[in-house]
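The values are calculated or read from the model by the stated rules, or taken from the named source; none is laboratory data. These figures come from a predicted structure and were not determined experimentally. As a convention, Cβ positions derive from the backbone with ideal geometry for all residues, glycine included, and neighbour counts pool all protein chains shown.
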Amino acid sequence: MNWPSAPSAFAARRDPGNGSRRRAREEGARGALIAFVSSVVFFGLALWAILTSEAWPQVQRQFFNPEAFVEVWPAVLSGFWLDIRMFLGAEVLILFFALVVAMARSLRGPAFFPIRALAVVFIDLIRGVPLILLILILGFGVPALDLPGVPKSPMFWGIAALVISYSAYTAEVYRAGIDSVPESQRMSARSLGLTQVQTLRYVLVPQAIRNVIPALLNGFVSLQKDVSLIFVLGVREGVREAQIFNARTFNYTGYIVAAILFLVVSIPVARFTDWYTERDRRRRQAMSA
Amino acid sequence: MRKLTLLVGVLSLVVAACGGGDAADTTVATPETTPETTTADTTAAPDTTAPGTTEATVGDECAVENLPLKTPGQLTVATGEPAFEPWVVDDDPTNGQGFESAVVYAMAEKMGFTADQVVWIRTGFDEAIAPGPKEFDINVQQYSITEERDEVVDFSVPYYVTQQALVAYGDSEIVNATSLEDLKGYALGAQIGTTSLDYIEEVIQPDTPPAVYDTNADAKSALDAGQIDAIVFDLPTAYYITAVEMPDASIVGALPASEEQADKFGMLMENDSPLKPCIDRALEELRAEGTLDALAEEWLTQEGDIPVLSQ
């Protein structure tokens with residue numbers, strides 16, 4: 001790794017002369033060279049160790065098999081497209097329900113105690129239950145009750161389980177955001193005559209959301225992978241198609257295909273999160289300056 | 001009525017097996033395998049070598065002392081966790097009951113092992129098929145032999161060949177189906193990695209792709225939940241499940257299969273296993289003398305006929 005700006009900044013503070021700044025630049029260049037050489041040696045050795053190992057041909061045949069890649073690609077891709085649609089639908093619902101739960105939990109005063117208590121119980125309970133169990137209970141259990149008018153679709157109940165589970169986590173993210181807004185904002189709003197709900201709706205929540213967007217995007221990436229857990233209900237999404245291929249042929253290349261597809265979506269989200277966070281930080285600095 | 005008798009039979013077996021869990025009882029449960037061990041050992045040698053040679057056993061590559069075993073002197077056999085009936089009774093492969101347990105002890109005896117020398121371990125499906133060396137000599141959990149799988153592991157000759165069967169609840173319309181064509185419009189399901197699943201996709205080819213479950217228990221839950229209309233199992237599993245786990249469900253029919261579509265179960269070994277010729281020889285002998293059929297008769301069949309759906 002090479003951080004040319006950091007050493008020069010330190011050097012400048014110690015001795016603000018021109019010569020030392022040049023020396024620092026040279027040190028930075030030498031650091032970059034060392035980093036490059038050591039990286040090449042390190043990764044080269046690791047790669048060499050893998051590729052020359054005795055079992056590599058079989059590992060390659062079972063994990064990185066071009067023929068299997070071609071064969072499994074269409075099934076995994078179409079399954080992955082289903083993942084994306086389920087993910088987008090679930091995310092919209094989660095952002096909404098989580099906000100409702102967080103607002104319920106942030107209401108003040110004894111009169112709202114039952115609502116607050118419900119929100120706390122919901123969050124504690126759901127966060128403590130493994131997601132897979134929630135999916136199985138809702139996906140197989142509820143339809144088996146055979147209640148009139150209640151849908152039986154495994155996809156419906158799988159998404160419902162994801163929305164419930166992620167709403168509990170996301171509500172806590174929102175709440176952290178709401179708590180991070182200075183108390184004076186709440187008091188000012190209340191003294192202007194806004195009700196509790198109005199205070200949340202117009203004053204606290206807009207500022208809170210802005211504070212927690214990076215955390216929300218993090219949840220995005222997490223959900224995008226967890227959505228595939230619905231496969232336990234028999235839904236044939238991307239990872240399941242890879243599993244089916246693996247179980248049939250004992251070949252793991254399908255998982256590699258699935259991993260690539262997930263990365264294609266999650267890496268841009270991660271880059272966007274960083275870019276957004278950085279832009280927001282700069283804007284706030286500009287505002288306070 | 002038939003089902004009831006089978007159920008009672010199975011339950012009494014379970015009760016008997018539950019009666020005592022200590023080691024003494026386990027060896028008592030396999031009395032038929034132990035006494036003949038010595039005879040099998042001595043008869044094996046003259047079969048393969050010319051009479052009069054003194055080094056008969058030494059020259060036999062399949063003699064226990066010459067076998068390249070994971071742990072010398074013992075046959076390490078892996079099965080699933082848990083193992084299901086009718087393949088293994090009461091999730092205890094050491095009791096010699098259930099088809100696969102019985103076949104393994106019969107085969108081990110043929111090879112010259114005593115029952116004590118058969119050591120069971122458990123592996124998941126995935127561990128067993130991952131590349132690299134394995135901890136077991138053989139893995140027995142209804143692995144269907146396919147060409148693609150055979151490229152990465154070794155299979156013994158088949159120890160059982162079966163058909164597929166369709167299971168549904170009596171109140172579903174699908175029970176009226178008489179041909180494969182009749183099944184196309186229904187939602188079908190099967191367990192992942194089974195020939196049952198391949199059969200749905202390749203032979204029945206329903207309008208909606210089959211739902212795929214991790215276990216038969218999950219498939220059953222989906223059937224209970226009304227998410228699918230029927231499940232495809234191999235026939236012995238269908239018999240067992242309709243008798244014990246889903247008494248309200250029945251076998252709609254056996255599914256027709258060509259020779260190459262038939263589901264052949266083989267014992268799994270690591271790729272290029274030097275054990276394979278010896279395992280195969282023991283199984284071939286068991287087949288020739290009728291032991292495999294007799295064990296299948298004992299553990300896997302049920303009285304009475306079930307209809308076979310037309311092609």
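If you go through region A:122-131 and keep only what is in contact with a Ser or Thr (Cβ under 7 Å, 6 or more places away or on another chain) and either within 14 Å of another protein chain (Cβ to nearest Cβ) or of a type in the set (Val, Ile, Thr) (or both), you end up with just A:ILE126.
The residue of region A:219-233 that is farthest from the other protein chains (Cβ to nearest Cβ), among those that are out of contact with any Asp or Glu (no Cβ under 7 Å at 6 or more places or on another chain) and among the small types (Gly, Ala, Ser), is A:GLY219.
In this structure, is A:VAL70 among the hydrophobic types (A, V, I, L, M, F, W, C), on the phi < 0 side of the Ramachandran plot, exposed (fewer than 15 other Cβ atoms within 10 Å of the Cβ) and assigned by TED's automatic domain parsing to the domain that holds A:LEU162? Criteria met by A:VAL70. On the basis of being in contact with a helix residue (DSSP H, G or I) (Cβ under 8 Å, 6 or more places away or on another chain) and either within 21 Å of B:THR194 (Cα to Cα) or surrounded by fewer than 20 Cβ atoms within 10 Å (Cβ to Cβ) (or both), does B:LEU300 make the cut? Yes; evaluated as a whole, the condition is true for this residue.
Here A:VAL239 does not fit the description of being of a type in the set (A, V, I, L, M), outside any helix (DSSP H, G or I) and within 30 Å of B:ASN216 (Cβ to Cβ).
Against the conditions (1) part of a strand (DSSP E or B); (2) within 12 Å of chain A (Cβ to nearest Cβ); (3) of a type outside the set (A, V, I, L, M), B:GLN142 satisfies every one except (2).
Within region B:188-212, residues that are on the phi > 0 side of the Ramachandran plot and within 12 Å of another protein chain (Cβ to nearest Cβ) sit with their Cβ atoms under 8 Å from residues that are surrounded by fewer than 24 Cβ atoms within 10 Å (Cβ to Cβ) and charged (D, E, K, R), at 6+ positions apart or across chains, in these pairs: B:GLY193/A:ARG248. Against the criterion of being outside any loop (DSSP other than H, G, I, E, B) and modelled with pLDDT of 90 or more, B:ALA222 qualifies.
The strands (runs of 3 or more DSSP E) found wholly in region B:228-311 and carrying at least 1 residues that are aromatic (Phe, Trp, Tyr) occupy B:230-234, B:263-270.
Is at least one residue of region B:241-259 farther than 30 Å from B:GLU173 by Cα and in contact with a strand residue (DSSP E or B) (Cβ under 7 Å, 6 or more places away or on another chain)? For region B:241-259, residues farther than 30 Å from B:GLU173 by Cα and in contact with a strand residue (DSSP E or B) (Cβ under 7 Å, 6 or more places away or on another chain): absent. Pairs meeting the criteria (first residue in region A:132-160 and within 10 Å of chain B (Cβ to nearest Cβ) and within 11 Å of A:VAL232 (Cβ to Cβ), second residue surrounded by 13 or more Cβ atoms within 10 Å (Cβ to Cβ) and hydroxyl-bearing (Ser, Thr, Tyr), beta carbons under 9 Å, at least 6 apart or on different chains) are A:LEU136/B:SER221; A:GLY139/B:SER221; A:PHE140/B:SER221.
Kindly indicate which of A:ALA104, A:ALA98 is closer than 18 Å to A:LEU162 by Cα and touching a helix residue (DSSP H, G or I) at 6+ places or on another chain (Cβ under 7 Å). Going through A:ALA104, A:ALA98 in turn, the sole match is A:ALA98. List every residue pair whose Cβ atoms lie under 7 Å apart, where the two residues are 6 or more positions apart in sequence or sit on different chains, the first residue falls within region B:61-75 and is farther than 17 Å from B:PHE136 by Cβ, and the second residue, located anywhere, is among the polar types (S, T, N, Q) and in a helix (DSSP H, G or I). Listed pairs, sorted by first residue: B:ALA63/B:THR57. All of A:LEU192, A:LEU263, A:LEU200 fail the test of being over 23 Å from the mean Cα position of the chain (by Cα) and exposed (fewer than 13 other Cβ atoms within 10 Å of the Cβ), apart from A:LEU192.
Is it true that A:ALA171 is touching a Lys or Arg at 6+ places or on another chain (Cβ under 9 Å) and of a type in the set (A, V, I, L, M, F, W, C)? Yes; evaluated as a whole, the condition is true for this residue. Residues in region B:226-250 that are surrounded by fewer than 21 Cβ atoms within 10 Å (Cβ to Cβ) and either closer than 9 Å to B:VAL167 by Cα or free of Cβ contacts under 8 Å to residues at least 24 places away in the same chain (or both): B:GLY226, B:SER250. Out of the residues in region A:95-121 that are closer than 25 Å to A:SER228 by Cβ and among the aromatic types (Phe, Trp, Tyr), state the one that is nearest to the other protein chains (Cβ to nearest Cβ). Looking at the filtered set, the residue picked out is A:PHE97.
Of B:ASP207, B:ASP154, B:ASP126, all but one fail to be acidic (Asp, Glu) and in a loop (DSSP other than H, G, I, E, B); the exception is B:ASP207.
At positive phi, modelled with pLDDT under 90 and either away from chain B (no Cβ under 14 Å) or crowded, with 18+ Cβ neighbours inside 10 Å (or both): does that describe A:PHE272? Against the criterion (at positive phi, modelled with pLDDT under 90 and either away from chain B (no Cβ under 14 Å) or crowded, with 18+ Cβ neighbours inside 10 Å (or both)), A:PHE272 does not qualify. With respect to the conditions (1) under 26 Å from B:VAL152 (Cα atoms); (2) among the acidic types (Asp, Glu); (3) free of Cβ contacts under 8 Å to residues at least 60 places away in the same chain, B:GLU135 falls short on a single one, namely (3).
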